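Please read the structure below before turning to the comments.
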Amino acid sequence: LHTALSGRDEEPATCVAPRWLFYRLLGVVFACAFGSLWRQADGLIGSEGIAPIANAFAPIPLTQAQADPAGAAMRLLTFPSVFLFTGAGDGAIQGAAIAGLVASLLLMAGILPPLTAFAAWFLYLSFVTADGPFFRLEADLLLVEVGFLAILFAPWQALPGPFKKSQPSPTLAFLFRLLLFRLVFASGLAKAGAAMW
């Protein structure tokens, strides 16, 4: 209506409001995931839980990491997880969940979105990498993928407040659309072979 009454708007399209809302809601989703994990971790993936993740992640001693940095870097690329360095004991699991919850709350507040998005993503990826029975859901993988794209899309600002106007990146917009397409297509494909659908 504004364009029809006042003529063509010459300013390029921005995505300030949707981007601001996206990061707040992504922080909420990460906070729910880490908060739930924090409360249930001991019984599910702790040392005496149903499926301990300590079996999947043997810690790399600091001396070994210093002696062979190339091997430690290769292992981190193969199994991207903080537990490679901290071990997967109950204290490390609880610490990672709490740190992820703090990063999620900072992301919700809009404080350093690229760094807090990276911290929340990497800490959650640390749990998903364990490939236990509790992290094989489509929602877990989707959160990891969206979290990674969010790091690339995040505005660089230190304090909470409205984001500065910026032109959306066509490449990142395409990657988000591709992710949405894959999600919908894979969901439909999974239902196509099931008799119940």
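The values are calculated or read from the model by the stated rules, or taken from the named source; none is laboratory data. Predicted, not measured: the structure shown is a model, and the values here were computed from it. Please note: Cβ atoms are built from the backbone with ideal geometry, for glycine as well, and neighbour counts cover all protein chains shown. When the accessible area is computed, the model is the full protein with side chains, heavy atoms only, and any ligands, DNA or RNA have been set aside. Shrake-Rupley method; radii C 1.70, N 1.55, O 1.52, S 1.80 Å.
Explain nothing, just compute: Karplus ³J(HN,Hα) = 6.51 cos²θ - 1.76 cosθ + 1.60, θ = phi - 60°, for every residue of the stretch 181-190 in order, whole Hz, x for Gly and Pro.
So the J values, rounded to whole Hz, are 4, 4, 4, 5, 5, 5, 5, x, 5, 5.
If you stretched the chain out fully between residue 79 and residue 185, how much longer would it get, using 0.36 nm times the residue separation minus the C-alpha to C-alpha distance?
Between residue 79 and residue 185, full extension yields an extra 35.4 nm.
Order the peptides 100-110, 19-29 from the highest to the lowest mean number of other Cβ atoms within 10 Å of their residues.
The peptides rank, most packed first, as 100-110, 19-29.
Taking all protein chains together and a probe of 1.4 Å, list 48, 145 from the most accessible to the least accessible.
Ranked from most to least accessible, the order is 48, 145.
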